[in-house]
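Chemist: Okay, here's the structure, questions in a sec.
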Amino acid sequence: MDERVVSAARLLPDYLSQHVLLSAASLALGLLISLPLVVAASRHPAIRWPVLGFAAVAQTIPSLALLALFYPLLLALSALSQYLFGFGFSALGFLPSLLALTLYSMLPILRNGVTGLLGIDPAVIEAARGVGMTDRQRLLRVELPLAAPVLMAGVRTAAVWVIGAATLSTPVGQTSLGNYIFSGLQVENWVSVLFGCGAAVALAMMTDQLLALIEAGVARRSACRIWIGAGLLLAGIAAAAMALAGTAGRHGYLVGAKNFSEQYILADLISDRIRATGRPVTTRIDLGSTVAFRALAGNDIDVYVDYSGTVWSTVMGRKDSVPRARMLQEMRSALRREHGVVLLGALGFENAYALAMKRDRAVALGIRSIADLARHAPQLTLGGDLEFFSRPEWRALRDRYRLSFHEQRQYQPTFMYRALASGQADVISAFSSDGRIAADDLLVLDDPLQVIPPYDAIVLLSPARASDPVLRRALQPLIGAIPIQLMRQANYQVDREVDKVTPAGAARWLSRAAHLEAPSDGPD
Amino acid sequence: MISLQHVSRSFDGGRSFAVHDVSVEIADHQFVSVIGGSGSGKTTLLKTINRLTEPDSGRVTVAGKPAAAEAPHALRRRIGYAFQGIGLFPHMNVAENISITPRLLNWSEADIRARVEELVDLVSLPRGFLARMPSELSGGQQQRVGVARSLAARPSIMLMDEPFGALDPITRDTLGTEYRRLHDQMSLTTVMVTHDVMEAVLLSDRILVMRRGEIVADGEPQALLDGHPDEEVRALLDTPRRQAERVRMLLGNRAHSE
């Protein structure tokens, strides 16, 4: 069997069980909140439109944005709770995903529930009152049983939506079947993308069918159907919980990674070294760029690799440019002082933002530096990755070199290189460690004004792991050990279109190529 | 005894009244029909007795106790209620429908089963119907179940709102006659709203005629048939008499020609 299928299948128990538990919890919470609202909205027309309108608005927010919005909101709440009650909570992963998906599940439940209750024959309601039922008895004995089939249809819709949208919880740090899709898309591992989609679709269809069985049971008053459907659903949830308890029971290290190939490779390299000491390791990949640092500072992850220029501008808020050595020195003390985060050291290569062109085109136009580019910019199209145009580096480049392009476009990094190759973009934002620079024969333009600060890859440890001996012993040998040529090659092995290697494979290659010895498990 | 004193009810904040300052007393074991045109307030008046409609002002007393003094659901469990819409619970079978009020009153299972069987006999339904769903019954059978359900907890008072109005003439006549028999047999007090003057005349001990929220005539059927000062009341009660005479003439003519 294809190695990519095998490695995808190995991840399935973890991804699937997390996906199942997240979806089930969101749906359960959604039902818990929606049902009282359904009853209230069906009895009081005055609140019907506000309730349904709110749910409809929540539904129109793109689900990815909804998930992203809950992260800063929860961070603020956590800080508030820390201040008021002396304890905070993790704003990453499960909680923001749960809340966003809960909100997402509510519209079909609310809409169908209200429709179901309002659709009951008024004569039946009058009879229920006439025979002497209290409001509560009328609801439980007459209205809910009669509205149940319509309500269940809404629950089915909600379940399918939630299972689909749960794949989007990966970027806020919640493992799900979306991990297959996000990382697969990043490294163009279509097997992984298809695997993730297929698993999510299969899960959604199975859940839908079981709920359909319950729905039929409710409609035909067949307790047998209801129990089989509910029993199988609960068995699935219990199996997921047990699978997860098996792994989460052990105390392990959490290695974070942002959402691109180099980060996956480095996360695997770090994980391998920790694992070699006999300690369990889990990775949290595809974290948003600023999510990663906050997660580290909040002890939601233990270690990850960031880049000095990124930390300098986005974490420390510095806009000035200082020499490399001084930057690292100031950063080390600032991170320790303000966040408790330890800067273990630089890996030895730089992954800086740069502007790159196809070499033949640059030569034809006589462009060698960004200063040359400025003269031709009004006729050219600039392609940037999703983050580039909102970053201070771009603003600095634009202002210092007076860059004004004919057009600016945003791409996923993978598609950005395609756009450059096909001529859709003339200049792209590139990363200096990207393997495709050498492979595609691109020219990285000089920065004569030194506007772009250094972007050394640096290993950061969370406050809780600041003086963890295992982590330090495992990772210290990496410091200064990875030259740019090796990193580019490793990246290219993952990014190239033929003969692709998984990030884990590239990490093993990098470890050998850089002559990194496996750490020994010395006495603690 | 049911007593209404100065009962008023408006559905538009007092600009017009569905029931306006009505006072009436209904003696035990009476069968009273309320007739009148649509919108005359007869249904509203009926529903103030079991508080399906709350009066804006005035006082309703049921069996010597103010209706407002107890919870509406408790009051309704003591009063049978049958209406044109029937409103059988579609997710419950006939036995479950009939036994609903005894169940709400926490009767024992044995008492409930005995009472359900007694009731299907009383309303002349085969016992085999007990397990059927309401959707499997004809309109007349459904209303038989409806009447059985309203009688289940042995109420002494029955309120009926055009109970046979949606049924075909033969079924309507049969059910009306049979109900009157039950009324006598169980010594019930019945208040029935109907738009069928003939039905009112044939079944009741006393007829109330309503117009624009007020009672404009009140008397035994025979007395009202004999004449009333109000012209509209006279016209209303003339209808059954004229119909009866025309039928008699038709029958007489046929007898001659044979």
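Chemist: So which residues in the stretch A:38-91 are open to solvent by 80 Å² or more (accessible area, probe 1.4 Å) and in a loop (DSSP other than H, G, I, E, B)?
Modeler: Answer for the stretch A:38-91, where residues must be open to solvent by 80 Å² or more (accessible area, probe 1.4 Å) and in a loop (DSSP other than H, G, I, E, B): A:His44, A:Pro62, A:Phe87.
Chemist: Return the total of residues in the stretch B:115-140 being touching a residue at least 24 places away in the same chain (Cβ under 8 Å), open to solvent by 80 Å² or more (accessible area, probe 1.4 Å) and not small (Gly, Ala, Ser).
Modeler: Going through the stretch B:115-140 one residue at a time, the tally reaches 1.
Chemist: I've got another one for you. Please list, ordered by first then second residue, the pairs with beta carbon atoms under 7 Å, 6 or more apart or interchain, first in the stretch B:78-100 and more than 12 Å from A:Glu126 (Cβ to Cβ) and more than 9 Å from every other protein chain (Cβ to nearest Cβ), second assigned to a loop (DSSP other than H, G, I, E, B) and open to solvent by 30 Å² or more (accessible area, probe 1.4 Å).
Modeler: B:Asn93/B:Arg132; B:Asn93/B:Met133; B:Val94/B:Arg132
Chemist: May I pose another question? Taking the stretch A:111-143, which residues are within 28 Å of A:Pro50 (Cβ to Cβ), at the interface with chain B (Cβ under 7 Å from one of its Cβ atoms) and of a type in the set (Val, Ile, Thr)?
Modeler: A:Val124, A:Thr134, A:Val142
Chemist: Separate question: Give the stretch B:101-112 a look and list any residue that's open to solvent by 30 Å² or more (accessible area, probe 1.4 Å) and at the interface with chain A (Cβ under 10 Å from one of its Cβ atoms), or say none.
Modeler: Matches in the stretch B:101-112: B:Arg103, B:Leu105.
Chemist: Restricting attention to strands (runs of 3 or more DSSP E) lying wholly within the stretch A:225-310, give those where 3 or more residues are at pLDDT below 85.
Modeler: A:281-287
Chemist: Just give me the residues in the stretch B:44-64 being part of a strand (DSSP E or B) and aliphatic (A, V, I, L, M), in sequence order.
Modeler: Matches in the stretch B:44-64: B:Val60, B:Val62.
Chemist: Let me ask something else about it. Quick one: count up the residues across the stretch A:120-139 that are assigned to a helix (DSSP H, G or I) and among the aliphatic types (A, V, I, L, M).
Modeler: 6
Chemist: State which residue is farthest from the other protein chains (Cβ to nearest Cβ) when the search covers only the stretch B:141-168 and only residues that are open to solvent by 10 Å² or more (accessible area, probe 1.4 Å) and without any contact (Cβ under 8 Å) to a residue 60 or more places away in the chain.
Modeler: B:Asp168
Chemist: In the stretch A:184-195, how many are in contact (Cβ under 8 Å) with a residue 40 or more places away in the chain and open to solvent by less than 20 Å² (accessible area, probe 1.4 Å)?
Modeler: Adding up the residues that qualify gives 4.
Chemist: Report yes if some residue within the stretch A:453-468 is open to solvent by less than 20 Å² (accessible area, probe 1.4 Å), of a type in the set (D, E, K, R), within 30 Å of A:Leu373 (Cβ to Cβ) and modelled with pLDDT under 90; otherwise report no.
Modeler: So far as the stretch A:453-468 goes, no, none of its residues is open to solvent by less than 20 Å² (accessible area, probe 1.4 Å), of a type in the set (D, E, K, R), within 30 Å of A:Leu373 (Cβ to Cβ) and modelled with pLDDT under 90.
Chemist: Are there any helices (runs of 4 or more DSSP H) wholly within the stretch A:338-412 with 2 or more residues that are closer than 23 Å to A:Val311 by Cβ and basic (Lys, Arg), and if so which?
Modeler: A:392-401
Chemist: Restricting to the stretch B:150-172, name every residue that is part of a helix (DSSP H, G or I) and either at pLDDT 90 or above or polar (S, T, N, Q) (or both).
Modeler: Selection gives B:Ser150, B:Leu151, B:Thr171.
Chemist: Name every residue in the stretch A:10-37 that is within 20 Å of the chain's Cα centre (by Cα), open to solvent by 30 Å² or more (accessible area, probe 1.4 Å) and among the hydrophobic types (A, V, I, L, M, F, W, C), in order of residue number.
Modeler: A:Leu11, A:Leu12, A:Leu16, A:Leu21, A:Ala25
Chemist: Counting only residues that are in contact with a Leu (Cβ under 9 Å, 6 or more places away or on another chain) and surrounded by fewer than 19 Cβ atoms within 10 Å (Cβ to Cβ), which one in the stretch B:44-64 is nearest to the other protein chains (Cβ to nearest Cβ)?
Modeler: Out of the qualifying residues, it is B:Thr53.
Chemist: So which residues in the stretch B:197-219 are open to solvent by 10 Å² or more (accessible area, probe 1.4 Å), assigned to a strand (DSSP E or B) and either farther than 21 Å from B:Arg172 by Cα or free of Cβ contacts under 8 Å to residues at least 60 places away in the same chain (or both)?
Modeler: Listed by number, the residues that qualify are B:Arg211, B:Glu214, B:Ile215, B:Val216, B:Asp218, B:Gly219.
Chemist: Moving to a separate point now. Just to verify a result, which residue in the stretch B:65-77, among those that are of a type in the set (Gly, Ala, Ser) and within 14 Å of chain A (Cβ to nearest Cβ), is nearest to B:Val147 (Cα to Cα)?
Modeler: B:Ala74
Chemist: I need a count of the residues in the stretch A:128-142 that are over 16 Å from B:Ser99 (Cα atoms) and either basic (Lys, Arg) or surrounded by 21 or more Cβ atoms within 10 Å (Cβ to Cβ) (or both).
Modeler: 1
Chemist: Find all pairs meeting these conditions: Cβ atoms under 7 angstrom apart; at least six residues apart or on different chains; first residue within the stretch A:77-102 and in contact (Cβ under 8 Å) with a residue 24 or more places away in the chain; second residue open to solvent by 90 Å² or more (accessible area, probe 1.4 Å) and in a helix (DSSP H, G or I).
Modeler: If the second residue must be open to solvent by 90 Å² or more (accessible area, probe 1.4 Å) and in a helix (DSSP H, G or I), the pairs left are A:Gly88/A:Gln82.
Chemist: On to the next question. Which condition from (1) open to solvent by 10 Å² or more (accessible area, probe 1.4 Å); (2) over 20 Å from B:Thr48 (Cβ atoms) is the one that B:Val233 breaks?
Modeler: Every listed condition holds for B:Val233 apart from (1).
The values are calculated or read from the model by the stated rules, or taken from the named source; none is laboratory data. Note that the structure is predicted; figures quoted are calculated from it, not measured. A quick note on method: Cβ atoms are made from the backbone with ideal geometry, for glycine too, and the neighbour counts reach across all protein chains shown. Note: accessible area is taken over every heavy atom of the protein model, side chains too, but ligands, DNA and RNA are not part of it. Shrake-Rupley method; radii C 1.70, N 1.55, O 1.52, S 1.80 Å.
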